[in-house]
Amino acid sequence: MASKIAVVTGANKGLGFSIVKGLCLKFDGFVYLTARDEKRGQEAVDKLKALGLHPEFHLLDVSDENSIKDFADYIKTKHGGLDVLVNNAGILESNVYPTYDAAKRNIDINYRSLLSIEKWLYPLLRDGARVVNVSSACGHLSNLKNKKLLEILQKKDLTTKEINEFVEEYLESIRNGTFNKDDFVDEGKHAEHRVSKMAMTALTMVQQRKYQDKNISINAVHPGHVKTDMANGKGDLEADTAAQTILYLILDASPNLKGVFMWHDKKIVDWYDYEGDYFCKDIW
């Protein structure tokens, strides 16, 4: 029987590092710590080895489709398949109202990379595989106020094409100067991050429906406001604590839990409840 394989993206520090550490302690199989910087990735692996753990390292830049393809080829050749995939890699720009280039960079890494990952890595997912997309409070639909866009994203038969159009419409508004702060909560602060994370969560629902006939669980999670570089240390949860919800989805949750949005307290929230008090508050 082939060994089980787990992969965590963006894992050389912060939450990703803690997820890898938790998997090394509890997952019966190979655990891949991936990062876009080989030196930092190898240093992270060495830290875990110093603790008596044994992760594997592989270079993976989620913003580069060729890097994703190369990694997929490696996993297919060496292991034949994949059992756990945690899409954790992400960025947050420093400016609350970013330039077009900064907004596009955020969306390319936080959302569009998942399309390439689906293209190259999802075909390797084995029976019973689990995928966790690390979203955030910014990824809940209550961050959006535009009624037309809400109607689209609430559709039970939403398509990837429609999510892409939602993302493109936002980017075009930044490019041509028509961005409306009233389309989002909190005066549209970090709308690029809200858009990318809402798109990620919406894609989670679409993917689960798409792979319904395969025995694969695909879920999104808000891990809490984690004390990481991305949050400038402003979070209220340590990374090891925040990782527990993700580890629960991978190791302990029912395999029938599919296409849900889980809060950091392990409660399932209604992603479609756009009037709920779930949106990301002004913590920037």
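Yes/no per residue for (1) modelled with pLDDT of 95 or more; (2) out of contact with any helix residue (DSSP H, G or I) (no Cβ under 7 Å at 6 or more places or on another chain); (3) part of a loop (DSSP other than H, G, I, E, B); (4) on the phi < 0 side of the Ramachandran plot:
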{"residue": "Asp182", "(1), (2), (3), (4)": "yes, yes, no, yes"}
{"residue": "Glu192", "(1), (2), (3), (4)": "yes, no, no, yes"}
{"residue": "Met198", "(1), (2), (3), (4)": "yes, no, no, yes"}
{"residue": "Ala231", "(1), (2), (3), (4)": "no, yes, yes, yes"}
{"residue": "Ile246", "(1), (2), (3), (4)": "yes, no, no, yes"}
{"residue": "Leu249", "(1), (2), (3), (4)": "yes, yes, no, yes"}
{"residue": "Lys258", "(1), (2), (3), (4)": "yes, no, yes, yes"}
{"residue": "Trp271", "(1), (2), (3), (4)": "yes, no, yes, yes"}
Residue under evaluation Lys119, criteria (1) in contact with a strand residue (DSSP E or B) (Cβ under 6 Å, 6 or more places away or on another chain); (2) surrounded by fewer than 16 Cβ atoms within 10 Å (Cβ to Cβ), criterion not met
(1)
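In this structure, is Lys156 at pLDDT below 95 and over 29 Å from Leu59 (Cα atoms)?
In short, yes.
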Answer with yes or no whether Val62 is touching a residue at least 12 places away in the same chain (Cβ under 8 Å), in contact with a Gly (Cβ under 9 Å, 6 or more places away or on another chain) and closer than 18 Å to Arg130 by Cβ.
no
Inside the range 9-50, the number of residues satisfying the requirement of being more than 18 Å from Tyr74 (Cβ to Cβ) and among the aromatic types (Phe, Trp, Tyr) is 2
Is it the case that Ser113 is of a type in the set (Gly, Ala, Ser), under 22 Å from Leu249 (Cβ atoms), in a helix (DSSP H, G or I) and out of contact with any Gly (no Cβ under 6 Å at 6 or more places or on another chain)?
yes
Checking Glu187 against (1) part of a helix (DSSP H, G or I); (2) among the charged types (D, E, K, R); (3) surrounded by 15 or more Cβ atoms within 10 Å (Cβ to Cβ), which test does it fail?
(3)
Residues that are of a type in the set (Val, Ile, Thr) and crowded, with 22+ Cβ neighbours inside 10 Å, at least 1 per element: which strands (runs of 3 or more DSSP E) completely within the range 1-97 meet that?
4-8, 29-35, 82-87
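Could you check the range 200-229 and list, in sequence order, the residues that are part of a helix (DSSP H, G or I) and surrounded by 19 or more Cβ atoms within 10 Å (Cβ to Cβ)?
Met200, Thr201, Ala202, Leu203, Thr204, Met205, Val206, Gln207
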Quick one: in the range 78-104, of everything that is among the small types (Gly, Ala, Ser) and more than 15 Å from Leu33 (Cβ to Cβ), which residue is nearest to the chain's Cα centre (by Cα)?
Gly90
Name every residue in the range 119-137 that is in contact with a Ser or Thr (Cβ under 8 Å, 6 or more places away or on another chain) and either of a type in the set (Phe, Trp, Tyr) or under 30 Å from Asp182 (Cα atoms) (or both), in order of residue number.
Asn133, Ser135
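The values are calculated or read from the model by the stated rules, or taken from the named source; none is laboratory data. This is a predicted model, so every value here is computed, not measured. Note that each Cβ is placed from the backbone with ideal geometry, even for glycine, and that neighbours are counted across all protein chains shown.
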